[in-house]
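What follows is a set of notes on a single structure, which appears directly below.
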């Protein structure tokens, strides 16, 4: 059986804990065929981000067209946009991006600004699911369809959907190895949508997956290590 194609549009993390590298591993863990469009090259490791070099918007657009004109993309995850110009270029074909999951990625966990807020707003009208953390949530008001605010006290996330707002609880895990959890969570939702799950089911299962990935996280590097993207998800999934 041919796996569903899942596209990530995001920046690169050379240590592969976050960004495009984390997304591709997450897609693979869920049985998807991951493809990517690179928006920026970053200089970062487990200790933090020290530099971001955005690609020209026309090069991002060329990558995107190359993928869309050839492959049957079933879902799209958008992460770090880097610039308003890149966001505008992607927004021009937003109608052609199915099951779009938007992870705002405004500021890294180490405090480095990664995307301008106006860039995120350009993609909101096309999003099926938006996954801001508590700090990013004020910038994604009036988001359509589904929004899940992550990072609440006690591993509790808040979901807003067509039928109201409720909480999705998880078990806190005592580890500092949480690098890239936001990227991983949004990528897992996109993978679920690509496999035909409805948004709530995709969100709930992504939460379970990330919890397991944190429980089995990897002490790699001298800072915040990565989650275990290849944790087994085949059993009751």
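The values are calculated or read from the model by the stated rules, or taken from the named source; none is laboratory data. Fair warning: this is a prediction, and the values are worked out from it, not measured in the lab. A quick note on method: Cβ atoms are made from the backbone with ideal geometry, for glycine too, and the neighbour counts reach across all protein chains shown.
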Given (1) within 24 Å of residue 179 (Cβ to Cβ); (2) in contact with a helix residue (DSSP H, G or I) (Cβ under 7 Å, 6 or more places away or on another chain); (3) free of Cβ contacts under 8 Å to residues at least 40 places away in the same chain; (4) surrounded by fewer than 23 Cβ atoms within 10 Å (Cβ to Cβ), where does residue 37 come up short, assuming only one miss?
(4)
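Residue-by-condition table, conditions (1) more than 14 Å from the chain's Cα centre (by Cα); (2) under 26 Å from residue 21 (Cα atoms):
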{"residue": "131", "(1), (2)": "no, yes"}
{"residue": "137", "(1), (2)": "yes, yes"}
{"residue": "141", "(1), (2)": "yes, no"}
{"residue": "167", "(1), (2)": "yes, no"}
{"residue": "172", "(1), (2)": "yes, yes"}
{"residue": "190", "(1), (2)": "no, yes"}
Condition first: within 15 Å of the chain's Cα centre (by Cα), surrounded by fewer than 22 Cβ atoms within 10 Å (Cβ to Cβ) and modelled with pLDDT under 95. Now tell me which residues in region 1-27 satisfy that.
16
Can you confirm whether residue 201 is on the phi < 0 side of the Ramachandran plot, surrounded by 21 or more Cβ atoms within 10 Å (Cβ to Cβ) and either in contact with a strand residue (DSSP E or B) (Cβ under 6 Å, 6 or more places away or on another chain) or assigned to a helix (DSSP H, G or I) (or both)?
no
Within region 43-64, considering residues that are part of a strand (DSSP E or B) and in contact (Cβ under 8 Å) with a residue 60 or more places away in the chain, the one surrounded by the fewest Cβ atoms within 10 Å (Cβ to Cβ)
50
Sole residue being touching a helix residue (DSSP H, G or I) at 6+ places or on another chain (Cβ under 8 Å) and more than 20 Å from residue 132 (Cβ to Cβ), chosen from 230, 168, 218
230
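I need the full set of residues from region 211-227 which are in contact (Cβ under 8 Å) with a residue 24 or more places away in the chain, under 19 Å from the mean Cα position of the chain (by Cα) and assigned to a helix (DSSP H, G or I), in order please.
211, 213, 214
Looking at region 45-63, is at least one residue closer than 18 Å to residue 229 by Cα and either touching a helix residue (DSSP H, G or I) at 6+ places or on another chain (Cβ under 7 Å) or modelled with pLDDT of 95 or more (or both)? I'd like the intermediate steps shown before the answer.
Here is the first cut: in region 45-63, the residues closer than 18 Å to residue 229 by Cα are 45-46.
Cutting the leftovers down to either touching a helix residue (DSSP H, G or I) at 6+ places or on another chain (Cβ under 7 Å) or modelled with pLDDT of 95 or more (or both) gives us none.
No, the conditions are met nowhere in region 45-63.
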Among what's in region 134-150 and is more than 22 Å from residue 7 (Cα to Cα) and touching a helix residue (DSSP H, G or I) at 6+ places or on another chain (Cβ under 6 Å), pick the residue that is modelled with the highest pLDDT.
149
Of everything in region 124-135 that's surrounded by fewer than 23 Cβ atoms within 10 Å (Cβ to Cβ) and in contact with a strand residue (DSSP E or B) (Cβ under 8 Å, 6 or more places away or on another chain), which residue is nearest to residue 150 (Cα to Cα)?
133
Is it the case that some residue within region 65-73 is assigned to a strand (DSSP E or B) and either under 18 Å from residue 104 (Cα atoms) or modelled with pLDDT under 95 (or both)?
no
